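One structure is given below, encoded as C-alpha cells.
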Amino acid sequence: MKVKKLKNHTTTKMNPKDTITVDVPLFIRLLEYAREDAQTDMDLHDLAENIIGLSEDGEVLTMDDYNAIVGTTEEEIAERRMLQVRAGIIK
C-alpha cells in the first residue's frame, strides 16, 4: 500500500490514477471486443472508464469482471454480431 503526502495531508492510495491490471484471458477478450464488437470510439472510451472504475481497489481484473466492463453479456454481443452478419455489415 502506498502512502502519499500532499501539502500537510496524508492519503492512502491503493491504485495510482489510471493504472489497471488484468489477467491474460481478460486481456485477450478485451482485444477481441475492441476489434470485433465495439461499434464506435465511444464504446472504447466507456470500456476504459469501466475498467478504471473497477480497478480502484488495485485488484487484478479477470473474466469474472467482463460483463461489468463491457456493459453487455456475451449473448447480447453474439446476437448483435449475428444481426450484423445478416445485414451484410460484417462477414
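The values are calculated or read from the model by the stated rules, or taken from the named source; none is laboratory data. Note that the structure is predicted; figures quoted are calculated from it, not measured. Reconstructed Cβ throughout: ideal geometry from the backbone, glycine too, with neighbour counts over all protein chains shown.
Screening G58 with (1) assigned to a loop (DSSP other than H, G, I, E, B); (2) surrounded by 14 or more Cβ atoms within 10 Å (Cβ to Cβ); (3) more than 19 Å from the chain's Cα centre (by Cα) gives one miss only, at (3). Taking every residue in region 59-70 that is within 17 Å of D18 (Cα to Cα) and modelled with pLDDT of 95 or more and pairing it with any residue that is acidic (D, E) and in a loop (DSSP other than H, G, I, E, B), at least 6 positions away or on another chain, the pairs with Cβ-Cβ distances below 7 Å are V60/D23. Contact map, region 31-45: residues that are under 14 Å from I90 (Cα atoms) paired with residues that are modelled with pLDDT of 90 or more and assigned to a helix (DSSP H, G or I), Cβ distance under 7 Å, separation 6+ or inter-chain. Pairs shown: A38/L44. Going by what's in this entry, would L44 be described as hydrophobic (A, V, I, L, M, F, W, C), part of a helix (DSSP H, G or I), surrounded by 14 or more Cβ atoms within 10 Å (Cβ to Cβ) and in contact with a strand residue (DSSP E or B) (Cβ under 7 Å, 6 or more places away or on another chain)? No; evaluated as a whole, the condition is false for this residue. May I ask you to verify whether H45 is modelled with pLDDT under 90 and either of a type in the set (S, T, N, Q) or out of contact with any Asp or Glu (no Cβ under 6 Å at 6 or more places or on another chain) (or both)? Spelling it out, it is not the case that H45 is modelled with pLDDT under 90 and either of a type in the set (S, T, N, Q) or out of contact with any Asp or Glu (no Cβ under 6 Å at 6 or more places or on another chain) (or both).
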